Amino acid sequence: MPVNMKNIIADTFAKMVEKENVDKITVKALISECHISRQTFYYHFQDIMDVLEWSIRQATQHLVEKSLEAGDDMRSALKIFIAFSVDNYPRIRKLMESQRRKQIEQIMIEAAEAYLSELAQKRRPDLALNYADREVLLRFNASGLVGILLIYCREKQLDQEKLAGQLELLLSGQLTFFERRAGIS
């Protein structure tokens, strides 16, 4: 038996998402495609949503690691996140068109919260916020980030550099709805 069965199951699920409607992917179809037993699947995952959640968490952790390699440059970290979203948009779109959209949106927001939380801890360990304020700030920014990526990443001619710059200004508080700084277009 392969050592990394969770990855094999998750990768197979991702390939199936590219080919077919997410709502039609069953445990039975997935184990058939993986050539594993039902018992093996349930040893690693509870259900299809568990596969999806685990996959998103793995991708998020990978993005955090890559973003941290970008150093202290928030724009570079955001470009990595944007590029991932653009590259995976066809799969994301299919997930969002499924009956599980609400659950998937929640998973994506939680993943973005984890991403932003990890980045904040690494880049701004001195940031002093009480727990309630931190949670609201994280949820607000994560929801906004997911929403923006879902809207903009479907554009064929997306200027990723410009979007990264705009998101950097938003996340740093330099660009707000209520005031416009000179030189921002």
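The values are calculated or read from the model by the stated rules, or taken from the named source; none is laboratory data. The structure displayed is predicted, hence computed values, not measured ones. Cβ placement follows ideal geometry from the backbone for every residue including glycine, while neighbour counts extend to all protein chains displayed. Keep in mind that these areas ignore ligands, DNA and RNA; they rest on the heavy atoms of the full protein, side chains included. Shrake-Rupley method; radii C 1.70, N 1.55, O 1.52, S 1.80 Å.
Return the only residue of 33, 53, 97, 69 being under 11 Å from the mean Cα position of the chain (by Cα) and open to solvent by 40 Å² or more (accessible area, probe 1.4 Å). Just one listed residue meets the conditions, 53.
Among the numbered criteria (1) under 19 Å from residue 113 (Cα atoms); (2) modelled with pLDDT of 95 or more; (3) of a type outside the set (Asp, Glu), which one does residue 30 miss? Condition not satisfied by residue 30: (1). Checked against (1) at pLDDT 85 or above; (2) surrounded by 15 or more Cβ atoms within 10 Å (Cβ to Cβ), residue 116 passes all but condition (1). Given the structure, is residue 97 acidic (Asp, Glu), touching a residue at least 24 places away in the same chain (Cβ under 8 Å) and closer than 14 Å to residue 149 by Cβ? No.
Report, by residue number, each residue of the range 148-167 that is more than 10 Å from residue 79 (Cα to Cα) and either of a type outside the set (A, V, I, L, M, F, W, C) or buried (at least 18 other Cβ atoms within 10 Å of the Cβ) (or both). Steps first, answer last, please.
Step one: of the range 148-167, the residues more than 10 Å from residue 79 (Cα to Cα) are 148-159, 166.
Within the range 148-167, 149, 152, 153, 154, 155, 156, 157, 159, 166 meet the criteria.
In the range 130-144, the residues that are touching a residue at least 24 places away in the same chain (Cβ under 8 Å) reach residues that are of a type in the set (D, E, K, R) and in a helix (DSSP H, G or I) with C-beta atoms within less than 8 angstrom, at least six apart or across chains, in these pairs: 138/113; 139/113; 142/110; 142/113.
Determine, yes or no, whether residue 174 is over 12 Å from the mean Cα position of the chain (by Cα), closer than 21 Å to residue 69 by Cα and of a type outside the set (A, V, I, L, M, F, W, C). Criteria not met by residue 174. Scanning the range 1-22 for residues that are touching a residue at least 40 places away in the same chain (Cβ under 8 Å) and either open to solvent by less than 50 Å² (accessible area, probe 1.4 Å) or aromatic (Phe, Trp, Tyr) (or both), which turns out nearest to residue 98 (Cα to Cα)? Restricting to residues being touching a residue at least 40 places away in the same chain (Cβ under 8 Å) and either open to solvent by less than 50 Å² (accessible area, probe 1.4 Å) or aromatic (Phe, Trp, Tyr) (or both), the top hit is 22.
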